[in-house]
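The values are calculated or read from the model by the stated rules, or taken from the named source; none is laboratory data. Remember, predicted model here, so these are calculated numbers, not experimental data. A quick note on method: Cβ atoms are made from the backbone with ideal geometry, for glycine too, and the neighbour counts reach across all protein chains shown. Quick note on the areas: whole protein, heavy atoms, side chains included, nothing else; ligands and nucleic acids left out. Shrake-Rupley method; radii C 1.70, N 1.55, O 1.52, S 1.80 Å.
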Amino acid sequence: MFFEKQSLSPAVQYVVGFSGIFSFAVIILAFRNYMGLTPSDRAILVISSVAVASIFALVVSLRMHTTVSDGSLKIRFWPFSRLTIPIADVKQSEIIQYDPLSDFGGWGVRPGLGGIIYSMRGRSAVKIVRNGGSLIYIGTRKPEELLQSIRD
C-alpha cells in the first residue's frame, strides 16, 4: 500500500497569493471611484475581481493524490483529472530524474518525453511503461516507495 498527497510548494503559493493581491489592487486602483462608474464599468470591476479570486483559489487548492492498493495505481490530480492503471497493465517501471520546464513545459498534467506526466513539484518521477507501450510519468517526493509498491 502506498499513498502520497502533494500540493504546490509554499513558495509557489506565496507567489500566486501576492500576484493575486497585486492584481486585485490594480483593479481597485483602476476603478477607485466606484460610485461614479457606469454600469458596464462596474460589471467589468466585479467580473475582474471574481476572476482574480477564482484563479487564486483554484491554484492554491490544486492537489495530487497517488495511491497504490488493491492491484491498481490511482492518480488524482484534483480538480482536473484522475487515472487508474491496473498493476497487471504495468510492463516496466523505473525512477527517473527530469526537468519539469524543459522536459514537460512545467508542472501539472502535461505531455512530454513520449508520454504524459502527472506532477506537482520536484524533479523525481516513476516512469511507467504500460503493456500497450504508452508512457506515464508520476512525479513523486517518494520515488523509491512508489516504485516498490508498484513492483510488489
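Structural remarks
- Within the range 29-41, the only residue that satisfies the criterion of being surrounded by 11 or more Cβ atoms within 10 Å (Cβ to Cβ) and modelled with pLDDT of 75 or more is 41.
- Selected residue (criterion: nearest to residue 87 (Cα to Cα)) from residues of the range 1-17 that are open to solvent by 70 Å² or more (accessible area, probe 1.4 Å) and not in a helix (DSSP H, G or I): 1
- Here residue 47 passes the criteria (1) outside any strand (DSSP E or B); (2) farther than 25 Å from residue 9 by Cα; (3) open to solvent by less than 80 Å² (accessible area, probe 1.4 Å) except the one numbered (3).
- Matching entry among 25, 88, 57 (being closer than 19 Å to residue 8 by Cβ and of a type in the set (Gly, Ala, Ser)): 57
- Yes/no for residue 20 being over 25 Å from residue 145 (Cβ atoms), without any contact (Cβ under 8 Å) to a residue 60 or more places away in the chain, open to solvent by less than 60 Å² (accessible area, probe 1.4 Å) and of a type outside the set (A, V, I, L, M): yes
- Residue 86 being within 30 Å of residue 145 (Cβ to Cβ), loosely packed, with under 13 Cβ neighbours inside 10 Å and within 14 Å of the chain's Cα centre (by Cα): no
- The residue that is farthest from the chain's Cα centre (by Cα), counting only those in the range 101-152 that are polar (S, T, N, Q) and open to solvent by less than 80 Å² (accessible area, probe 1.4 Å), is 149.
- Residue list for the range 1-20, restricted to those being modelled with pLDDT of 80 or more and hydrophobic (A, V, I, L, M, F, W, C): 1, 2, 3, 8, 11, 15, 18
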